[in-house]
Amino acid sequence: MQMLKVKLSTGREVEINDDVIAVLNEYIRTQMTLEELSKKLGLSGWEEAYELVKQVPAWVMWTPLPIYKKLV
C-alpha cells in the first residue's frame, strides 16, 4: 500500500504520514477544533483543515496508528 497524498484547493499537498495520522486520530476521538487541527498540521486555517478532513478516507482517521503501520 502506498502513502496517501491529499491535494487541497489552495495547491498545498499534504502527505498522510505517521505524524498526520496521529493528529487525525486525536482529532476524530476528541473535541479538537478545526483551528487546533490546522495549527498542529501547519495548515493556513480551518478551511484547509476542513478540506483535508473531507478528503481523507474515514478508515484512515479511525484506524489506530500501530494497525495502520502494519497495513502500509
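The values are calculated or read from the model by the stated rules, or taken from the named source; none is laboratory data. Remember, predicted model here, so these are calculated numbers, not experimental data. Glycine also receives a Cβ, built like all others from the backbone with ideal geometry; neighbour counts cover every protein chain displayed. Accessible surface areas use protein heavy atoms only, side chains included; no ligands, DNA or RNA. Shrake-Rupley method; radii C 1.70, N 1.55, O 1.52, S 1.80 Å.
Some notes on this structure:
- The calculated 222 nm mean residue ellipticity attributable to helices in the chain amounts to -16000 deg cm²/dmol, summing -39500 (n - 2.57) over DSSP H runs of n ≥ 4 and dividing by all residues.
- Heavy-atom accessible surface of the chain: percent carbon and sulfur, 1.4 Å: 54
- Remark: the chain carries a charge dipole of roughly 260 debye about the Cα centre, counting +1 on each Lys and Arg Cβ and -1 on each Asp and Glu Cβ.
- Computed from phi, the 3J(HN,Hα) profile of region 24-32 under the Karplus parametrisation 6.51, -1.76, 1.60 (θ = phi - 60°) reads 5, 4, 5, 4, 6, 9, 10, 9, 5 Hz, with x in place of Gly and Pro.
- Cross-link partners for Lys39 among the lysines, with Cα-Cα distance under 27 Å and sequence neighbours closer than 8 places in the same chain left out: Lys5, Lys7, Lys54, Lys69.
- Near the amide H of Leu4, within less than 5 Å, lie the amide hydrogens of Ile16, all on another chain or at least 5 residues away, with H placed in the peptide plane.
- Applying 0.36 nm per residue to the separation of Glu26 and Ser9 and subtracting their alpha-carbon distance, the gain on full extension is 3.7 nm.
- Cα convex hull volume per residue for the chain (Å³): 75
- More than 18 Å apart - percent of Cα-Cα pairs taken over region 30-72: 36
- With the charge dipole of the chain set up from +1 on Lys and Arg Cβ and -1 on Asp and Glu Cβ about the Cα centre, the Cα lying farthest toward the positive end among the listed residues Trp62, Leu24, Thr10 is that of Trp62.
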